[in-house]
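Student: Next up is a structure, given as structure tokens.
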Amino acid sequence: MSTLIVYSGGSNTSAVANYIAEKTGGKAVAVEDASRIDLNSYDKVVIGTRVRAGKVPSDISEYVSKNKAVIDGKSPAFFLCCLYSSEKGKKQLEKISSEIGISKSVYINKGKKTIKEAGNPVDSFIASL
Ligand SMILES: Cc1cc2nc3c(=O)[nH]c(=O)nc-3n(C[C@H](O)[C@H](O)[C@H](O)COP(=O)(O)O)c2cc1C
């Protein structure tokens, strides 16, 4: 099973994307470089992004909508790097994952810190892929 992780964001988002790649033996690629990658050669696709003022960067939403048909066939999953947690975090994730169109999703707050903790939510997310 090969997994491609396409992400948009800064240091937290890229750290989480690379962590998922390392744990799955997959490949993490920034969205600006993703056009060079053939999605068809992967079994699974994970999309990851940060959020600012309730919005995700347009490059990632454009990438997903442009490649929707292929992504939908690759058991897609979505992670959101954010600051909100608890109910506020869940609500924000629900709204954004529905806009992106990927229902299997998780929010990760304090991404770089989170991946250093044992049994963190990224590990459960990876297990669910
Ligand atoms: C200008 C700005 C706006 C932000 N807006 C939100 C927001 O609406 N919701 C949220 O949960 N986090 C928000 N955050 C927090 C970031 O999403 C969070 O720190 C995330 O981990 C950043 O990922 P990055 O390091 O990949 O950029 C905001 C951060 C900044 C700097």
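Student: Name the single residue that is surrounded by the fewest Cβ atoms within 10 Å (Cβ to Cβ) among those in segment 104-129 being more than 16 Å from the ligand (Cβ to nearest atom) and free of Cβ contacts under 8 Å to residues at least 24 places away in the same chain. Let's see the steps before the verdict.
Tutor: Going residue by residue through segment 104-129, those that are more than 16 Å from the ligand (Cβ to nearest atom) are 104, 118-119, 123-124, 126-129.
Still in the running and free of Cβ contacts under 8 Å to residues at least 24 places away in the same chain: 118-119, 124, 127.
Values: 118: 5, 119: 7, 124: 10, 127: 8.
So the residue we want is 118.
Student: Among the residues of segment 76-84, is any hydroxyl-bearing (Ser, Thr, Tyr) and more than 14 Å from the ligand (Cβ to nearest atom)? If you could, list the steps in order and put the result at the bottom.
Tutor: Within segment 76-84, the first condition is being hydroxyl-bearing (Ser, Thr, Tyr), and the residues that meet it are 84.
Keeping just the survivors that are more than 14 Å from the ligand (Cβ to nearest atom) gives none.
No, that holds for no residue.
Student: Related question: Just to be sure I understand the filter: pairs with C-beta atoms under 9 Å, separated by 6 or more residues or on different chains, first member in segment 47-65 and closer than 12 Å to residue 80 by Cα, second member at pLDDT below 95. Which pairs pass?
Tutor: Within 9 Å, the pairs are 50/111.
Student: Would you confirm whether any residue within segment 1-13 is surrounded by 22 or more Cβ atoms within 10 Å (Cβ to Cβ), within 12 Å of the chain's Cα centre (by Cα) and away from the ligand (no atom under 15 Å from the Cβ)? Let's see the steps before the verdict.
Tutor: Of segment 1-13, the ones surrounded by 22 or more Cβ atoms within 10 Å (Cβ to Cβ) are 3-9, 13.
Next cut, within 12 Å of the chain's Cα centre (by Cα) only: 3-9, 13.
Filter again for away from the ligand (no atom under 15 Å from the Cβ), leaving 3-4.
Yes, segment 1-13 has at least one match.
Student: Tell me which residues, restricted to segment 74-129, are charged (D, E, K, R), modelled with pLDDT of 95 or more and closer than 14 Å to residue 20 by Cα.
Tutor: The initial filter retains those residues of segment 74-129 that are charged (D, E, K, R), namely 74, 87-88, 90-91, 94-95, 99, 104, 110, 112-113, 116-117, 123.
Within this subset, residues satisfying the condition of being modelled with pLDDT of 95 or more are 74, 87-88, 90-91, 94-95, 99, 104, 123.
If the condition is that a residue be charged (D, E, K, R), modelled with pLDDT of 95 or more and closer than 14 Å to residue 20 by Cα, then 123 is the only one that fits.
Student: Which of the helices (runs of 4 or more DSSP H) found entirely inside segment 69-129 contain at least 2 residues meeting this: in contact with a Phe, Trp or Tyr (Cβ under 7 Å, 6 or more places away or on another chain)? Write out each step before concluding.
Tutor: Details: elements: 86-100, 111-114, 121-127.
Once the helices (runs of 4 or more DSSP H) in segment 69-129 are filtered for at least 2 residues that are in contact with a Phe, Trp or Tyr (Cβ under 7 Å, 6 or more places away or on another chain), what remains is 86-100, 121-127.
Student: Something else: Among the numbered conditions (1) surrounded by 12 or more Cβ atoms within 10 Å (Cβ to Cβ); (2) away from the ligand (no atom under 12 Å from the Cβ), tell me where residue 30 comes up short.
Tutor: (2)
The values are calculated or read from the model by the stated rules, or taken from the named source; none is laboratory data. Quantities reported herein were computed from a predicted structural model and do not represent experimental measurements. Using ideal geometry, Cβ is built from the backbone for each residue, glycine included, and neighbour counts are taken over all protein chains shown.
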